[in-house]
Amino acid sequence: MTEPIAYLNGHFVPISKAALSVFDLGIVAGASVTEMTRTFRHVPFRLSEHLDRLEQSLKLVNIDPRLSRDELVSICERVVSDNQRFIPSDHDLGLIVFVTAGQNLTYLGLSELSRARTPSVCVHSFPLPFELWAERYETGLHLVTTSIGSLPDDVIDSRIKHRSRMHWHLADNQAKKVDASAMAVLIDQDGFLTETATGNICVVEGTTIVTPSQHVLHGISRDVVADLATSLGLTFATSRVKPDELVRASEAFLTSTPHCMLPVTRFDNRPIGQGVPGPVFQQLITAWNKLVGLDIVGQMRDGAKSR
């Protein structure tokens with residue numbers, strides 16, 4: 001094989017051939033659930049936890065992927081094993097699993113009912129684009145609130161990691177009108193902070209870290225930070241968080257699978273703390289380095305230079 005592979009509906013194929021039908025409900029209706037993990041030294045990180053969350057999402061949306069857990073693990077390992085040879089030894093992969101609800105019955109007709117109800121299952125990887133995040137470890141992120149609110153749980157349960165992303169697309173477009181490099185953070189119907197399109201927010205005051213408790217996806221990276229914080233003698237808690245608490249925070253950061261952690265240094269055009277990455281962030285990213293046996297920030301910087 002001269003290019004990376006992907007798994008799609010029972011077959012391993014070249015990534016360039018991994019294509020969904022235009023009738024697929026993942027395309028027609030955004031009816032798809034997904035997970036992403038990344039590798040460290042070409043080994044998937046917390047794959048079991050990500051597959052646990054995928055199983056929860058599938059159960060909540062009533063999709064049967066028609067694959068066992070062991071089969072899915074084997075597929076993920078095969079994709080990583082085959083595709084790691086296409087990246088440098090000091091780079092890593094993002095690994096994606098997604099499952100759609102099948103195909104659109106209106107397009108197929110009742111004679112194709114069985115086909116319409118057969119989900120599409122795909123596993124693929126991609127080289128992590130370190131250049132997207134490398135500078136952010138120094139400058140931090142700018143989060144901006146927009147007129148787009150978070151989806152209430154009675155519309156889409158926040159426990160579902162799904163690909164119905166139009167509201168995020170609109171929110172990030174609004175945020176970039178304020179600052180071309182900004183990212184949207186959504187507010188819920190009661191005026192509390194929720195999350196960004198890519199991760200969980202953590203607000204720091206002294207030695208206490210607080211992350212929003214409602215209308216957010218339960219983050220695997222957030223759980224890693226909670227464990228590391230406890231090991232460092234820091235307090236980690238979940239609670240409802242008002243926007244003005246982020247303004248008053250001594251520091252803040254975002255947790256997300258591909259970059260693990262990124263500092264948040266501005267919020268709605270105002271600096272957070274001193275406007276630079278803070279000491280708690282530095283403690284935690286150092287602890288994460290030890291956990292995975294890798295200088296995460298160094299990998300990002302070196303990888304960005306080589307792209």
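The residues in the stretch 261-272 that are surrounded by 21 or more Cβ atoms within 10 Å (Cβ to Cβ) and either out of contact with any helix residue (DSSP H, G or I) (no Cβ under 8 Å at 6 or more places or on another chain) or not in a loop (DSSP other than H, G, I, E, B) (or both) can be counted, and the count is 6. Test each condition in (1) of a type in the set (Phe, Trp, Tyr); (2) crowded, with 20+ Cβ neighbours inside 10 Å; (3) out of contact with any His (no Cβ under 9 Å at 6 or more places or on another chain) for Tyr7 and report the one that comes out false. Of everything listed in (1) of a type in the set (Phe, Trp, Tyr); (2) crowded, with 20+ Cβ neighbours inside 10 Å; (3) out of contact with any His (no Cβ under 9 Å at 6 or more places or on another chain), Tyr7 misses just condition (3). If the condition is being in a loop (DSSP other than H, G, I, E, B) and within 17 Å of the chain's Cα centre (by Cα), then the stretch 163-181 contributes Arg163, Ser164, Arg165.
Pairing each residue of the stretch 24-43 that is assigned by TED's automatic domain parsing to the domain that holds Val99 and more than 17 Å from Ile156 (Cβ to Cβ) with any residue that is among the basic types (Lys, Arg) and modelled with pLDDT of 95 or more, provided the two are 6+ apart or on different chains, yields C-beta distances under 7 Å for Thr37/Arg46. Scanning the stretch 138-189 for residues that are loosely packed, with under 13 Cβ neighbours inside 10 Å, of a type in the set (Asp, Glu) and in contact (Cβ under 8 Å) with a residue 24 or more places away in the chain yields one hit, Glu138. As a summary of the residue check, Ala249 satisfies the conditions (1) under 29 Å from Asp154 (Cα atoms); (2) aliphatic (A, V, I, L, M); (3) more than 22 Å from the chain's Cα centre (by Cα) except for the one numbered (1).
Within the stretch 16-39, can one find any residue that is touching an Asp or Glu at 6+ places or on another chain (Cβ under 8 Å), polar (S, T, N, Q) and more than 22 Å from Trp288 (Cα to Cα)? Yes, the stretch 16-39 has at least one match. If you check Pro258 against the conditions, is it assigned to a strand (DSSP E or B) and not assigned by TED's automatic domain parsing to the domain that holds Glu49? So Pro258 fails the test. From the residues in the stretch 283-307 that are surrounded by fewer than 20 Cβ atoms within 10 Å (Cβ to Cβ) and small (Gly, Ala, Ser), which one is nearest to Ala229 (Cα to Cα)? If we take residues in the stretch 283-307 being surrounded by fewer than 20 Cβ atoms within 10 Å (Cβ to Cβ) and small (Gly, Ala, Ser), then Ala287 is nearest to Ala229 (Cα to Cα). Arg85: modelled with pLDDT of 95 or more, assigned to a loop (DSSP other than H, G, I, E, B) and out of contact with any Leu (no Cβ under 8 Å at 6 or more places or on another chain), yes or no? When the stated conditions are applied, Arg85 does not pass them. Taking (1) within 28 Å of Val43 (Cα to Cα); (2) in contact with a Lys or Arg (Cβ under 6 Å, 6 or more places away or on another chain) in turn, Ala197 satisfies each apart from (2). With respect to Glu55, is the statement that it is closer than 30 Å to Gln189 by Cα and part of a strand (DSSP E or B) true? No: the conditions fail for Glu55.
The values are calculated or read from the model by the stated rules, or taken from the named source; none is laboratory data. Computed from a predicted model, the values in this text were never measured in an experiment. Ideal geometry is used to build each Cβ from the backbone, glycine not excepted, and the neighbour counts take in all protein chains shown.
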